[in-house]
1. Using the Cα centre of the chain as the reference point, and only Cβ charges (+1 on K/R, -1 on D/E), how large is the resulting charge dipole? Debye, rounded to the nearest 20.
2. Can you tell me the length gained on complete extension of the stretch ARG67 to THR27, counting 0.36 nm per residue apart and subtracting the Cα distance?
3. Quick one: Cα convex hull volume of segment 6-139, Å³ per residue?
4. Angle check, please: helix 72-93 long axis (alpha carbons) against the longest principal axis of the chain (alpha carbons), in degrees 0 to 90, nearest 10.
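Just so it is clear, none of the values below were taken in a lab; they were calculated from the coordinates. Predicted, not measured: the structure shown is a model, and the values here were computed from it. Don't worry about glycine lacking a Cβ; one is built from the backbone with ideal geometry, like all the others, and counts go over all protein chains shown.
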Amino acid sequence: MTLLPDEAPDEEDFVACWLQPVMPAGTEHELSDGFPFAVIQYLTGADSVDGGTADGVVQVDFLDEARDGLSAAQAAKLSAREGHRRMLLMAATNSNVLLSDARWANCDYLDNTMKPTRMDYPNERVVRYTARYAIGLSFVPATD
């Protein structure tokens, strides 16, 4: 079987790895994972074989609870602000990111499409701020 030698990097993994210096991040959160935490969800997008790029939209939910003398609302707002600033740093620098599978990926662009906004969350102890970003990533060598 013959396959394209390159592929789009996983957008969720890219963003989760990029946010790690600021807070734990991933595609799922269990209460035992602690807080603050950023939940990453890929919403939509497309790959361009001709351009060797993946263009998509990711949602980042910044979750936090009362801690360090802060209310849950205060802590979540602070976490969202720090996480958003980290994402804006990517927009300004288009940095390379080491993915969880040990490959490097490059951000061609990142645009904020929704600033962190407080949204409902099913656990009343946890406050959620949601942000969305349009992101373009260059293809990387495929892992087979």
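1. 840
2. Here the segment from ARG67 to THR27 would lengthen by 12.1 nm.
3. 100
4. Approximately 30 degrees, to the nearest 10.
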